[in-house]
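Participant: Dropping a structure here in C-alpha cells format, bear with me for questions.
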Amino acid sequence: IYQIIIIMGNVMKKTLVSLLISIFCIGFIFADIPTKPLLTLDTAKQMANECLLLAKENGWKINIAIFESPGALKYYASMDGTYPASEEISRLKGKTSAGLPFSTKELAQMAFNNDDKNEGIATIPDIALLPGGVPIILKNGYHLGGVGVSGSSGSNDEKCAFKAVEKGLDVIYE
C-alpha cells in the first residue's frame with residue numbers, strides 16, 4: 001500500500017507540473033504579439049504621387065525615394081529629365097530620414113549652424129546633410145520611415161518631401 005501511495009503521489013506531482021506548464025504555455029500562445037506599424041506599398045505610392053503632382057505643377061524635375069525605418073527602400077519614382085546624380089541624392093536623403101528622426105535640413109543645422117554644433121554628424125557615412133529628407137513620424141512618436149526628394153532646389157525638395165509625408169499621414173489616419 002505504501003508503494004501505491006508513493007506511485008500515486010508521483011503521478012499527481014507529474015500531472016500537476018504538466019498542468020502548470022500547459023497553463024503557462026497557453027498564456028504565451030494567446031498573448032498579444034507585439035507588432036509595429038507598416039508603411040504599405042499603396043500608401044507609399046500615394047505619397048510619391050502627391051509629391052510628383054506638386055513638382056509637375058511647379059515645373060520641378062525631381063526624384064523621390066520613400067523608405068521604411070530603419071532604411072529599406074519601399075518606393076522610388078523619377079520624373080523625366082532629372083539629373084542622374086539626383087537619383088542617388090534622393091535615396092541618401094530618404095535613408096537618412098528613415099534612420100534618424102530629423103529632417104536632413106535639421107541635421108545640417110545641428111552639424112554646422114549651432115552654438116552647440118555637432119560636427120560628428122558630418123562624419124557618419126551615407127548621411128545626407130542637404131534639405132529634402134523628411135522623417136515619417138506617427139502621432140504616437142513612432143518613426144515609420146523617411147522621404148527623400150532631390151532634383152530641384154533644397155527648399156523645393158523639402159516642400160515636396162513634406163507634402164508626401166502629409167499625404168502619408170492622411171492615408172494612415174483615414
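The values are calculated or read from the model by the stated rules, or taken from the named source; none is laboratory data. Nothing here was measured: the structure is a model prediction, and the numbers come from that model. Heads up, the Cβs are rebuilt from the backbone with ideal geometry, glycines too, and the neighbour counts pull from every protein chain shown. Areas reflect the complete protein model, heavy atoms only, side chains present, ligands, DNA and RNA absent. Shrake-Rupley method; radii C 1.70, N 1.55, O 1.52, S 1.80 Å.
Participant: Ranked by accessible surface with a 1.4 Å probe, highest first, in what order do Tyr173, Tyr83 come?
Facilitator: Ranking Tyr173, Tyr83 by accessible area, largest first, yields Tyr83, Tyr173.
Participant: At q = 0.18, 0.29, 0.30 Å⁻¹, what log₁₀ I(q)/I(0) does a Debye calculation on the Cα points of region 89-142 give, no solvent, two decimals?
Facilitator: Values returned for q = 0.18, 0.29, 0.30 Å⁻¹ are -0.54, -1.09, -1.13.
Participant: Check the straight Cα-Cα distances from Lys93 and name the lysines below 29 Å, setting aside those fewer than 8 residues away within the same chain.
Facilitator: Lys36, Lys45, Lys56, Lys61, Lys74, Lys105, Lys117, Lys139, Lys159, Lys163, Lys167
Participant: What's the ranking of 39-45, 160-166 by average number of surrounding C-beta atoms within 10 Å, highest first?
Facilitator: Most protected by this proxy first, the peptides run 160-166, 39-45.
Participant: Now, a different point. Gly133's amide H: which non-local residues (gap 5+, or another chain) put their own amide H closer than 5 Å, with H modeled 1.01 Å from N in plane and none for Pro or chain starts?
Facilitator: Thr104, Lys105, Val149
Participant: Between Tyr142 and Asn113, how many nm apart are label points set 7 Å from Cα along the C-beta direction?
Facilitator: Simple spin-label model gives 3.2 nm for this pair.
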